[in-house]
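Asks: Got a structure here, written out as structure tokens. Questions coming.
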Amino acid sequence: MSKIKALAGVLIVLLFLLSSCDTPTPEEFSVGHIEYQLIDFELKEGFPGAEMGANLLENSTISMFYNEDMELMIMDMMGGFSITKVLFDRKNEQVTSYLHSLGDKMMLKVEVPEDAQGEITVVKDESNRKEILGFDSYKVEMTMDVEGMAPQNVKAYITEKIKPRSSFIQPAHNNPFDGVPLKLTAEDQNVRMIFEAVEFNEEFDESVFHIDESEYQEFNMEEVRNMGMLGQMGF
């Protein structure tokens, strides 16, 4: 089971929403729900769980809900085997992470993290375009070499019509894109994964932001770090 938890950490580190973006213009969707499906996944040889990882994670999804004040990412691994929620309350500048895995329910509350130190490079290729869910998108490549993390390479197709104030990419807390990825390939020395948007809704039930915390045990950052759970909690 420790291998499964390690995989969860890798996914959350690569796919985490935080950050701010420009105020949306009227033709852009400033409220919405995006559903992503993991369509391809590869763990590099020698990484714990490499032999079984792809099969176990084939049903993984990411759900993203956002409005002007609240943003929520839900990472569902293997049809509910492990569920991580990251809730960003912009009014209170607080991020709360909820992990439900193997019967454990953990909660971590922190202030909005500062940007990581390092080099982040973004290159647009607006001549390379793809239509996804009816949205025109263009290709972007991003490389990240930041302190404390393995170098990462990201290839994405971005639409500027869906414009939450958030990014998928950790540790690039400030949104490096002019919109949101509809298809995303993230790769480092251990893993390569591809997510693609399969559904977009302009309206959704905003009660999704109201999470019952009574069943979760709260931990602080030091306790989570000492347990080796940091990546799984969204940081």
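The values are calculated or read from the model by the stated rules, or taken from the named source; none is laboratory data. Remember, it's a predicted structure, so these values are computed and weren't measured experimentally. Ideal geometry is used to build each Cβ from the backbone, glycine not excepted, and the neighbour counts take in all protein chains shown.
Asks: Can you name every residue in segment 166-188 that is at pLDDT 70 or above and in contact with a Phe, Trp or Tyr (Cβ under 7 Å, 6 or more places away or on another chain)?
Replies: Hits for segment 166-188 are PRO181, LEU182, LYS183, LEU184.
Asks: Does segment 148-162 contain any residue that is modelled with pLDDT of 90 or more and surrounded by fewer than 15 Cβ atoms within 10 Å (Cβ to Cβ)?
Replies: No, every residue in segment 148-162 fails to be modelled with pLDDT of 90 or more and surrounded by fewer than 15 Cβ atoms within 10 Å (Cβ to Cβ).
Asks: Sticking with this one: Report yes if some residue within segment 10-19 is at pLDDT below 60 and farther than 21 Å from LYS183 by Cα; otherwise report no.
Replies: Scanning segment 10-19 turns up no residue that is at pLDDT below 60 and farther than 21 Å from LYS183 by Cα.
Asks: Could you check segment 84-108 and list, in sequence order, the residues that are touching a residue at least 40 places away in the same chain (Cβ under 8 Å), among the charged types (D, E, K, R) and more than 11 Å from TYR216 (Cα to Cα)?
Replies: Matches in segment 84-108: LYS85, ARG90.
Asks: Let me ask something else about it. Go through LEU87, LEU72, LEU133 for me and flag whichever is more than 19 Å from GLN37 (Cβ to Cβ) and among the aliphatic types (A, V, I, L, M).
Replies: Checking each option against the conditions leaves just LEU87.
Asks: Filter segment 181-225 for residues that are assigned to a strand (DSSP E or B), under 19 Å from THR84 (Cβ atoms) and of a type in the set (S, T, N, Q) and give the result.
Replies: Scanning segment 181-225 gives a single hit, GLN217.
Asks: How about segment 61-88: which of its residues are touching a helix residue (DSSP H, G or I) at 6+ places or on another chain (Cβ under 7 Å) and within 19 Å of GLU196 (Cβ to Cβ)?
Replies: Matches in segment 61-88: PHE65, MET75, MET77, MET78.
Asks: Next up: I'd like the full set of residues that are modelled with pLDDT of 75 or more and surrounded by 16 or more Cβ atoms within 10 Å (Cβ to Cβ), limited to segment 36-56.
Replies: TYR36, LEU38, PHE41, LEU43
Residue-wise test of (1) outside any strand (DSSP E or B); (2) farther than 21 Å from GLU160 by Cβ; (3) within 17 Å of the chain's Cα centre (by Cα).
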site: ASP76; (1), (2), (3): no, yes, yes
site: SER97; (1), (2), (3): no, yes, yes
site: HIS100; (1), (2), (3): no, yes, yes
site: MET106; (1), (2), (3): no, yes, no
site: GLU119; (1), (2), (3): no, yes, no
site: ASP125; (1), (2), (3): no, no, no
